[in-house]
Amino acid sequence: MGRMGRMGRARRLSCFVTLALAMAVARPALAHHSFAAEFDANSPVVLKGTITKMEWINPHSWIHVDVKNPDGTVTEWMVEGGTPNTLFRRGFTRDAVKAGMEITVEGYRAKNGANRANGRDLILADGRRLFMGSSGTGAPIDGRDASEKK
């Protein structure tokens, strides 16, 4: 094979690698959404329950909470928070929120009525509040977070 054939193959491989990398980087961006696309600012929710799982994933972390209903049954809720990095900067650690802990979450319910919410604050049993990171994503501004712009 001549020099030109090798160069053409190398160029095609380079284009393929560049395209594959571009697609890998773009994929997380496609999964990201604004608050208003999925959650209802007019449907605040307060959930009291037990953490069953914490998912430290991008672009949003998720806390799974078992909430006991008045009739004694249990409903699993998924509560969206900010990125793991955002939560770590605001006081969340793997020890601060772990399975088995009793918590209260204040947030906003999913528009489609699913047992999902966007978390505003997570309140620990000792009363400490951890901001879950929904400020700046289109969530209602209530002045509780100093970084909110009115």
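The values are calculated or read from the model by the stated rules, or taken from the named source; none is laboratory data. The model shown is predicted, which means the values in this text are computed figures rather than measured ones. A quick note on method: Cβ atoms are made from the backbone with ideal geometry, for glycine too, and the neighbour counts reach across all protein chains shown. These accessible areas exclude ligands, DNA and RNA; they are computed on the full protein's heavy atoms, side chains included. Shrake-Rupley method; radii C 1.70, N 1.55, O 1.52, S 1.80 Å.
Between a residue in the range 91-119 that is acidic (Asp, Glu) and any residue that is surrounded by 14 or more Cβ atoms within 10 Å (Cβ to Cβ), which pairs come within a Cβ distance under 6 Å, given they are 6 or more apart or on different chains?
GLU102/THR50; GLU106/ARG120; GLU106/ASP121
Testing ALA96 on (1) crowded, with 16+ Cβ neighbours inside 10 Å; (2) outside any strand (DSSP E or B), one condition comes back false. Which one is that?
(1)
Given the condition over 23 Å from ALA36 (Cα atoms) and over 14 Å from the mean Cα position of the chain (by Cα), answer yes or no: does some residue in the range 107-123 qualify?
yes
Which of the residues that make up the range 70-83 are surrounded by 19 or more Cβ atoms within 10 Å (Cβ to Cβ) and over 19 Å from GLY49 (Cα atoms)?
Selection gives GLY82 alone.
Can you say whether GLY82 is at pLDDT 95 or above, of a type in the set (Gly, Ala, Ser) and part of a loop (DSSP other than H, G, I, E, B), as far as the supplied structure shows?
No.
Only one of these is at pLDDT 90 or above, under 24 Å from ASP40 (Cβ atoms) and acidic (Asp, Glu): ASP121, ASP71. Name it.
Matching residue, one of ASP121, ASP71: ASP121.
Under 6 Å between Cβ atoms, which residue pairs at least 6 apart in sequence (or on different chains) link something in the range 68-90 that is farther than 19 Å from ARG120 by Cβ with a partner that is open to solvent by less than 80 Å² (accessible area, probe 1.4 Å) and among the hydrophobic types (A, V, I, L, M, F, W, C)?
Sorted first by the residue in the range 68-90, then by its partner, the pairs are THR75/VAL67.
What number of residues in the range 43-79 are of a type in the set (Val, Ile, Thr), within 17 Å of ASN118 (Cα to Cα) and not in a strand (DSSP E or B)?
Final tally of qualifying residues: 1.
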